[in-house]
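To start, the structure itself, in structure tokens.
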Amino acid sequence: MSKLICRVFIICLSLFSSVSYAQVSSVQNIQARKILSLNGKWNYIVDPYENGYYDYRHDPFDQSKTGTGGFFDDKVQKDKSELIEYNFDLSPQMNVPGDWNSQSEKLELYEGTVWLRRKFNATPEAGKRYFVYFAAVNYESHIYLNGKKLGVHKGGFTPFQFEVTGKLNKGENSLVVKADNTRKQDEIPTVNTDWWNYGGITRDVFLAELPEHYINDYKIQLSKGRKNAINFSLKLADAFAGQEITLTIPELKLEKKYKTDSEGKISDEFTWNNLNLWSPENPKLYAVNIKSATENIQDQVGFRTIEVKGNDILLNGKSVFLRGISIHDENPLLAGRLRSEGDMRMMLQWAKDMNCNYVRLAHYPHNEEMVRLADEMGLLVWAEVPVYWTISWENPATYANAKQQLTDLILRDKNRASVIVWSIGNETPLSTPRLNFMSNLAETARSLDDTRLVAAALEVHRDGNTIILNDPLGEKIDLVSFNEYAGWYWGGTPAEITKYSFNIKYNKPVVITEFGGDALGGFHADENTRWSEEYQESLYKNQIAMLTKIEALRGMTPWILTDFRSPRRQHPVYQNFWNRKGLISETGKKKKAFFVLKDFYNQMQTKYK
Ligand code: GCU
């Protein structure tokens, strides 16, 4: 099958297969609306045999004639003779948001189904529309309200919602989630990853109340490469023509009035001079108000341009060096996903302590709050979807899933000035199906947002002392980014790696996405002793010496800010299910290599003043 037919085949089938998990794209900035938080204590039932979902013939209860019989009925025994083999009220509780692995010793390594139930009171009003919104559930979730199925979502890191208008009880309601974090080959990510597979409702949950004709989406950013051209688009949830919309930015004394077209849309580009442009040094955010007949939404938005030109990355037209670090969505001090602003601010402050102006939020969409904090604190962001390692490249449903996760990420964060890169994947092995899959994702990213860069961690290989990058995916993306572990996984001791040079096929800015090595915080020895802080320190010094030979080097995000938990790291002394490449240990201690990178970034800050 020719490449073109193959790509058309993937796209066509992906449209079909995405229908099975119909998604309503989440409302933009839904947290700015009237919301009832459903965070807090949820009762949970561990269900490794999915006994609450399938009957003993393994048929799903929610697809039976009555649609009942599963745990989602949330039944309690009324008559003493009644047989019910579950009871949420009498079951234990866990905190939501919060993965189950870090909240119960028994569940630390658990992969499977856990049922979570929250009761809440509602007073639904006529003429209003109601949505249950989940900021993330890992990995596949089936959602039920008062025993009725709302739908299914796949993807552990992107938001989703279900409309519940007309389905809410006046008074008490029962919201039941079947969360299943089982890893599967055809999913995104696939079965092999180097991070902890935290399962459950890992981010916020709330009930949102919206007016009949609500604003489903809007984008307000600078047009590509134009520092005085504001691009404003808006979409109502329905094709409601003639709705009056007023855009104001009070600080600029800017007010623009519009009326939605027959599709309920607005699209405008207007010039506005003397904008105070956003940058890491000057993270200027404007209060933006969008008013309709029934809503008045506030957002905080920064304006900046990002482009590549030859070997340079231009931020607001000026060449920049991305002084970065990679970060996982995990708190090293308190195992589990980052839970709140406090956790996230701690991680980003550590990056600022290192004199970073940039973070790679690896390897999946992080919490929206993390990205909003990057806007506020002045950190550029590489955002990524978990198209990681050995994905099922020829499965159309896998592609549809990856495309949906990339789409949801871009829709969610398109108004965040800090985000400059949409990354479509990490270290994916070369093949024609992989190239087609990734090329289609790159096209998807550009079609959704032509104002940001598209990238991926590409593949490299070695020929003697030459590290060669000629990954064909490099043609399709804006940066030459790749991971290389000279001095750790190959290449001898740290002092020996400066023998390597690079042969890079593309004349584009080079942003190294990963290098590094493990060090057990507090373990000291000579620089050739594996796992010592001195080995890691020497590795960083020699990596920097080796990489600064690359003329087009314009940034890096060494692996990684803090030690993180991984089921692939079993050494009983040095690892204990921790990947120790962090520059900060799981006790929050800065290792010696932290200061090597900080010193290098101080030099680059001076050079790129
Ligand atoms: C890979 C991968 C990371 C992983 C790292 C490591 O490059 O991208 O997710 O943790 O190497 O081996 O520590």
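Some observations on this one:
- Lysines whose Cα lies under 20 Å from that of LYS499, excluding same-chain neighbours fewer than 8 positions away: LYS541, LYS549
- Helix content alone sets the calculated 222 nm mean residue ellipticity of the chain: runs of n ≥ 4 DSSP H residues at -39500 (n - 2.57) each, divided across all residues, give -5500 deg cm²/dmol.
- Rg and Dmax of region 373-459, based on Cα coordinates, read 13.1, 41 Å.
- Sum of side-chain charges, ASN311 neighbourhood, beta-carbon under 15 Å (Lys, Arg +1; Asp, Glu -1): +3
- Multiplying the residue separation of ASN282 and GLN603 by 0.36 nm and subtracting their alpha-carbon distance yields 113.6 nm.
- For ILE584, distant residues with modelled amide H under 5 Å away: THR562, ASP563, LYS591
- Here the Kirkwood formula puts the hydrodynamic radius of region 23-211 at 17.2 Å, using every distinct Cα pair.
- With a simple spin-label model that places each label point 7 Å from the Cα along the Cα-to-Cβ direction, the separation between SER25 and ASN576 comes to 4.7 nm.
- Projecting the Cα atoms of ILE504, LEU561, HIS571 onto the charge dipole of the chain (Cβ charges, centred on the Cα centre) puts ILE504 farthest toward the positive pole.
- Acute angle (nearest 10 degrees) that the helix 533-547 long axis makes with the longest principal axis of the chain, alpha-carbon atoms: 70 degrees
- Per-selection Rg to Rh, region 316-607 - Cα, Kirkwood hydrodynamic radius: 0.94
- The chain, accessible surface, carbon-and-sulfur percent (1.4 angstrom probe): 50 percent
- Gain on full extension, evaluated as 0.36 nm per residue between LYS265 and ARG568 minus their Cα-Cα distance, stands at 104.2 nm.
- Under the Karplus curve 6.51 cos²θ - 1.76 cosθ + 1.60, θ = phi - 60°, whole-Hz ³J(HN,Hα) for region 98-107, x wherever Gly or Pro sits: x, 6, 7, 4, 8, 10, 8, 3, 4, 9
- Using a Förster distance of 51 Å, the FRET efficiency for GLU255-GLU551 (Cβ separation, nearest 0.05): 0.60
- On Cα atoms only, tilt of 592-607 relative to the major axis of the chain in degrees: 80 degrees
- GluC sites (Glu not before Pro) restricted to DSSP loop in region 477-566 with at most 12 other C-beta within 10 Å: GLU551
- Annotation: the antiparallel percentage among DSSP beta bridges lying fully within the chain is about 75.
- Placing a label point 7 Å from the Cα of VAL76 along the Cα-to-Cβ line, the residues of region 107-128 whose backbone N sits under 20 Å from it are 115-123.
- Loop-located trypsin sites (Lys or Arg not before Pro) in region 62-104 (DSSP state not H, G, I, E or B) with no more than 10 neighbouring Cβ atoms inside 10 Å: LYS65, LYS78, LYS80.
- Scaling the Cα radius of gyration of region 45-112 by the globular reference 2.2 N^0.38 Å produces a ratio of 1.29.
- Based on the reciprocal of the average 1/r between different C-alpha atoms, the Kirkwood radius for region 215-293 equals 13.4 Å.
- Interchain or long-range residues, amide H under 5 Å from PHE240's placed H: GLY264
- Of the Cα atoms belonging to the chain, the radius of gyration and Dmax stand at 24.8, 79 Å.
- Annotation for LYS119 and ASN355: the two label points, set 7 Å from Cα along the Cα-Cβ direction, are 5.8 nm apart.
- Restricting attention to region 132-202, lysine pairs at least eight places apart or on different chains and with alpha-carbon atoms under 12 angstrom apart total 5.
- With both residues required to sit in region 316-607, DSSP beta bridges show an antiparallel share near 15%.
- Only Lys, Arg, Asp and Glu carry charge here, each on its Cβ (+1 for the first two, -1 for the last two); on that basis the chain has a dipole of about 1160 debye about its Cα centre.
- Note on ARG462 and ARG57: the model spin-label points, each 7 Å out from Cα along the C-beta direction, lie 6.0 nm apart.
- For the pair LYS224 and LYS41, a Förster radius of 60 Å applied to the C-beta separation gives a FRET efficiency near 0.80, rounded to the nearest 0.05.
- Average accessible surface for the chain: 39 Å² per residue, computed with a 1.4 Å probe over protein heavy atoms with every protein chain in place.
- The residue list ASN316, GLY242, PRO280 was ranked by how far each Cα lies along the charge dipole of region 218-353 toward its positive end, using unit charges on Cβ atoms, and ASN316 comes out on top.
- C-alpha long axis of helix 3-18 to longest principal axis of the chain, angle in °: 40 degrees
- Reachable aspartates and glutamates, given that their alpha-carbon falls under 12 Å from the alpha-carbon of LYS590 and they are not under 8 places away in the same chain: ASP353, GLU533, GLU537, ASP563
- Estimated FRET transfer efficiency when R0 is 45 angstrom, pair ASN296-ALA525 (beta carbons, to 0.05): 0.15
The values are calculated or read from the model by the stated rules, or taken from the named source; none is laboratory data. What you see is a predicted model, and the numbers here were worked out from it, not measured in a lab. Glycine also receives a Cβ, built like all others from the backbone with ideal geometry; neighbour counts cover every protein chain displayed. These area figures cover heavy atoms from the full protein model, side chains too; ligands, DNA and RNA do not enter into them. Shrake-Rupley method; radii C 1.70, N 1.55, O 1.52, S 1.80 Å.
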